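Peer 1: Structure provided below as structure tokens; questions to follow.
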Amino acid sequence: MDVFEAILRRRSIRQFEPRPVERKILEKIVEAGRLAPSAANLQPLEFLVVEAEDVRAAIFPLTKWAAYISPEGNPKPGREPQAYVFILVNTGVRDQGYEFDVGAAMENMALAAQGEGLASCWLISFDKPKAAEVLGVPSTHNIASVLALGYPAETSSVEAYRDSPRYWKDEAGGFHVPKRRLADILHFNAFKTSSSGR
């Protein structure tokens, strides 16, 4: 699959098959994160992969999912992520302004996962102090966010944006995610007023 196709297909997925992800695929995904742009090339990011069942079981209760439709959007028993990639920031290298690095690394990893047939969900809402304790992350490093990974056990589709950004699930359990139209957000050469009024 080419890069643009991976972008079109990538959706946040929250139900996963109970099928392990090979370590070589996890390493490839982290390599994609490592090679993302970094401001001033300082490279403050490090990556902690969780794949062991007992550690995954300790991490899962610390995570929060799909706030608009919680708890319906939470992974069901047996549908939890099969791996997590935590992005850590080495504060000795950079203690502020690293959010752009994190975003670039996270998107690279999500697209690499998509290319490997995996689903992902970028989580920023979770109990970071408790996760740091479970994972033994030292005080020199901050947990910035985490990518949940696994083989998809649900579908998600883009819908036309109407009156709200709220995503929803249909009766079959498929996710529907409203996105603004390209015509409403694209400007060439000068800013134009959007027809949607946003």
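Peer 1: Taking 1 over the mean of 1/r across every pair of different Cα atoms in the range 155-198, what Kirkwood radius in Å do you get?
Peer 2: Working: mean 1/r = 0.0835 Å⁻¹.
For the range 155-198, inverting the mean 1/r across all distinct Cα pairs yields 12.0 Å.
Peer 1: Charges only on Cβ, +1 for Lys and Arg, -1 for Asp and Glu: so what's the dipole of the chain about the Cα centre, in debye to the nearest 20?
Peer 2: That gives the chain a dipole magnitude of about 560 debye.
Peer 1: In addition: Could you derive backbone 3J(HN,Hα) for the range 131-138 from the dihedral phi with the Karplus parameters 6.51, -1.76 and 1.60 (θ = phi - 60°), listing whole Hz in sequence and x where the residue is Gly or Pro?
Peer 2: Once θ is set to phi - 60°, the couplings for the range 131-138 become 4, 4, 5, 4, 8, x, 6, x Hz.
Peer 1: Through the Karplus equation 6.51 cos²θ - 1.76 cosθ + 1.60, θ set to phi - 60°, convert the phi angles of the range 104-109 into ³J(HN,Hα) values in whole Hz; use x for Gly and Pro.
Peer 2: The phi angles translate into 5, 5, 5, 5, 4, 5 Hz.
Peer 1: Which order do the peptides 47-60, 158-171, 20-33 take when ranked by the mean count of other beta-carbon atoms within 10 Å per residue, highest first? Show your work: numbers first, answer last.
Peer 2: On the way: 47-60: 15.5, 158-171: 11.4, 20-33: 17.1.
Highest mean packing first, the order is 20-33, 47-60, 158-171.
Peer 1: Using each residue's phi in the range 79-96, evaluate 6.51 cos²θ - 1.76 cosθ + 1.60 at θ = phi - 60° and report the 3J(HN,Hα) Karplus result to the nearest Hz, with x for Gly and Pro.
Peer 2: 10, 6, x, 9, 7, 9, 10, 8, 9, 10, 10, 6, 6, x, 8, 7, 10, 7
Peer 1: Okay, helix-only estimate at 222 nm for the chain: each DSSP H run of n ≥ 4 adds -39500 (n - 2.57), divide by all residues, round to 500 deg cm²/dmol; what do you get?
Peer 2: The helix contribution divided over the chain gives -8000 deg cm²/dmol.
Peer 1: What number comes out for the charge environment of GLY103, summing +1 per Lys or Arg and -1 per Asp or Glu over other residues with Cβ under 15 Å away?
Peer 2: Taking every other residue near GLY103 into account, the sum is 0.
Peer 1: Within 10 Å of each residue's Cβ, count the other Cβ atoms and sort THR193, THR140, THR91, THR63 from fewest upward.
Peer 2: THR193, THR140, THR91, THR63
Peer 1: Same structure again: Please give me the summed charge of the neighbours of SER125: other residues whose Cβ is under 15 Å from its Cβ, Lys and Arg +1, Asp and Glu -1. If you can, show how the numbers build up before the last one.
Peer 2: Values: positive: ARG14, LYS64, LYS128, LYS130; negative: ASP127.
Overall, the nearby charge balance is +3.
Peer 1: May I ask you to list the lysines whose Cα is less than 18 Å away from that of LYS76, ignoring any residue fewer than eight positions away on the same chain?
Peer 2: LYS64, LYS169
Peer 1: Can you tell me the order of 142-154, 180-192, 119-131 when each peptide is scored by its average per-residue count of other Cβ atoms within 10 angstrom, highest first?
Peer 2: Top of the packing list down: 142-154, 119-131, 180-192.
Peer 1: Taking R0 as 25 Å, what's the FRET efficiency between THR155 and GLU46 from their Cβ-Cβ distance, rounded to 0.05?
Peer 2: Result of the calculation: an efficiency of 0.15.
Peer 1: Sticking with this one: According to a simple spin-label model (label point 7 Å from Cα along Cα-to-Cβ), what is the distance in nm between TYR68 and ARG19?
Peer 2: With each label point 7 Å from Cα toward Cβ, the separation is 2.8 nm.
Peer 1: Expected output is a single nm value to one decimal: the length gained when fully extending between VAL3 and ILE185, i.e. 0.36 nm times separation in residues minus the C-alpha distance. What is it?
Peer 2: Contour length minus the Cα-Cα distance gives 63.3 nm.
Peer 1: Which value, in debye to the nearest 20, describes the size of the charge dipole of the range 96-158 about its Cα centre when Lys and Arg Cβ atoms bear +1, Asp and Glu Cβ atoms bear -1, and nothing else is charged?
Peer 2: With only Lys, Arg, Asp and Glu charged at Cβ, the dipole is about 120 debye.
Peer 1: Sort 8-18, 78-88 by the packing proxy (mean of other Cβ within 10 Å over each peptide's residues), most packed first.
Peer 2: Most protected by this proxy first, the peptides run 78-88, 8-18.
Peer 1: To continue, here is another question. Let a ≥ b ≥ c be the square roots of the eigenvalues of the Cα gyration tensor of the chain; is it rounded (a/c under 1.5), or, if not, prolate (a/b larger than b/c) or oblate?
Peer 2: oblate
Peer 1: Treating only the Cβ atoms of Lys and Arg (+1) and Asp and Glu (-1) as charged, compute the dipole magnitude of the range 155-198 about its Cα centre; round to the nearest 20 debye.
Peer 2: The dipole magnitude comes to about 220 debye.
No value in this document is a laboratory result; all are computed from the given coordinates. Because the structure is predicted, anything quoted here is derived from the model rather than measured. A quick note on method: Cβ atoms are made from the backbone with ideal geometry, for glycine too, and the neighbour counts reach across all protein chains shown.
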